[in-house]
Amino acid sequence: MAPRSIAIGSGAYLPEKVVTNADLAALVDTSDEWIQARTGIKQRYMAADGEKTSDLAIAAANLALADAGIEGKDVDLIVLATATPDNTFPSTATTVQAAIGMERGAAFDVQAVCSGFIYALATADNFIRAGQATNALVIGAETFSRILDWEDRTTCVLFGDGAGALVLQAGEGEGAEDRGILSTHLHSDGRYKDMLYVDGGPSSTQTVGYLRMQGREVFKHAVANLSSVVIEALDANGLSADAIDWLVPHQANLRIINGAGKKLKMPEEKVIVTVDRHANTSAASVPLALDEALKDGRIKRGDLLLLEAMGGGFTWGASLVRW
Ligand code: UT7
């Protein structure tokens, strides 16, 4: 039997500084009322000067390792999802690798913007299933505050900084009732790359650039792509929506989250929501939401989780996990 990836630990880290909607209304022509009504966001966290994506990732990784009861030297794979790496290279994953005292195996970044955590999870899961890794750290970490145009009210109010991490371990299991990652489903369609992008980069402008988004278009595609990938994940496992205990969605907009919940006919209390406090933390949003619901006791051993996300590229994906 091929190994199955079992989630054995989770950790999350948010920077100290809180930025409220009122703080942003002092910067750009916006209001708490507009931001809450259109997005559900009330506040976001922002990394301190000099606090890097790797710093957030290391903090989350150490908490996840402690939760799993293993040490950095036991890890043989790090897959870190970020669109805001410390540097163009080396990967932020290798900085985390050194910091946790892991001196073997492989560490690398994946880049799928807001879908990054699902992409990283799928990558690590496939390494474990193939027998190429035993203990994998899957991290989503971002400092989007560094790529926001603070004069553009249509984007700067939407994002926040943070990191979340999950430890996966090779184990045994079969079918939907046993613990572990049941399946992962990834998609992208590069025809839409100009709908959500950063207008800089090493090979194009030699600058870091700022995030640009056609919000309404992204919204439309998010709703359509998320509902199709969620059905795909359920069908692949012969499950219906009522089998899901918790929906752990990417936290971009409360209206998108509620739309996905309604499509699945899930009661609101089964949908994990952090967008009100975290805003959109891109690749960090799903593991941050997951960690919150684990630590406050909502998610319990044996629960079935549906993770989903959609982001620039476009990229989108979903995963079913028996906790
Ligand atoms: O994580 C990756 C995926 N990203 C997403 O899923 C984001 C998807 N998109 C969205 O969440 C929404 O489209 C937004 C929250 C970005 C925008 O909400 P919307 O309901 O689609 O608003 P809109 O873009 O249609 O703008 C409506 C109005 C415009 O004014 P006019 O043209 O109607 O006069 C905007 O200029 O709201 C204006 N507006 C603002 N007003 C106050 C845009 N941003 C702001 C703002 N404060 N911050």
* Structure fact -> Condition set assigned to a strand (DSSP E or B) and of a type in the set (A, V, I, L, M), scope the stretch 1-10, selection nearest to T154 (Cα to Cα): answer is A7
* To do: Identify all residues within the stretch 111-135 that are outside any helix (DSSP H, G or I), among the hydrophobic types (A, V, I, L, M, F, W, C) and more than 16 Å from the ligand (Cβ to nearest atom); write none if there are none.
  => A130, A133
* Asked: Restricting the stretch 158-214 to residues that are of a type in the set (F, W, Y) and within 14 Å of the ligand (Cβ to nearest atom), which is farthest from A12 (Cα to Cα)?
  -> Y192
* **Residue in the stretch 307-323 that is farthest from V198 (Cα to Cα), counting only those that are of a type in the set (A, V, I, L, M, F, W, C), within 16 Å of the ligand (Cβ to nearest atom) and out of contact with any Gly (no Cβ under 9 Å at 6 or more places or on another chain)** => A318
* Inspect all residues belonging to the stretch 230-245 and state whether any of them is closer than 19 Å to G313 by Cβ, within 14 Å of the ligand (Cβ to nearest atom) and under 18 Å from the mean Cα position of the chain (by Cα). => no
* Asked: Checking S203 against (1) surrounded by 16 or more Cβ atoms within 10 Å (Cβ to Cβ); (2) assigned to a loop (DSSP other than H, G, I, E, B), which single condition isn't satisfied?
  -> (1)
* Residue within the stretch 250-270 that is modelled with pLDDT of 95 or more, polar (S, T, N, Q) and away from the ligand (no atom under 16 Å from the Cβ) present -> no
* To do: Answer yes or no: is there a residue in the stretch 287-306 that is more than 14 Å from the chain's Cα centre (by Cα), within 16 Å of the ligand (Cβ to nearest atom) and not assigned by TED's automatic domain parsing to the domain that holds C114.
  => no
* **Boolean, V248 is among the β-branched types (V, I, T) and under 14 Å from the mean Cα position of the chain (by Cα)** => yes
* Limited to the stretch 79-102, what total is found for residues that are assigned to a loop (DSSP other than H, G, I, E, B) and touching a Gly at 6+ places or on another chain (Cβ under 9 Å)? -> 6
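The values are calculated or read from the model by the stated rules, or taken from the named source; none is laboratory data. Computed from a predicted structure; not experimentally measured. For neighbour counting, all protein chains shown are included, and Cβ atoms are generated from backbone atoms with ideal geometry for every residue, glycine included.
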